[in-house]
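**Q** Encoded as structure tokens, here's the structure I'll be asking about.
Nothing in this text is a laboratory measurement; each read-out follows from the coordinates by a stated rule. Everything quoted here is computed from the prediction, not taken from an experiment. So basically every Cβ, Gly included, is an ideal-geometry build from the backbone, and we count neighbours across all protein chains shown.
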Amino acid sequence: MDKYTRSQAMTDQPRTVKLDHHDSVRTHVCQQISTEVERLERRIETLRLTNAPHTAIMISTYERMIDRKKGFLRNWNL
């Protein structure tokens, strides 16, 4: 019963929104995706130096992933 009264009391109070968290989230997402793109580009360079049977397919897949990630950054102005 104590849990109910606490949760009810929490909903009665106005919720404060900290707008500065929005920019920090955008920055974090941008950094994370940029890091992922760099890793994929390094993988592509490594794959180009190897002679494996499915290298071309893997490179193509990684390039599509890079294009989508960069497109996401562009669409969200990151």
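**Q** Dipole size in debye (nearest 20) for region 20-75 around its Cα centre, Lys and Arg Cβ +1, Asp and Glu Cβ -1?
**A** The calculated dipole for region 20-75 is roughly 180 debye.
**Q** What ³J(HN,Hα) values, in whole Hz, does the Karplus curve 6.51 cos²θ - 1.76 cosθ + 1.60 give for region 68-78 when θ = phi - 60°, with x put for Gly and Pro?
**A** 5, 5, 5, x, 4, 4, 5, 5, 9, 6, 9
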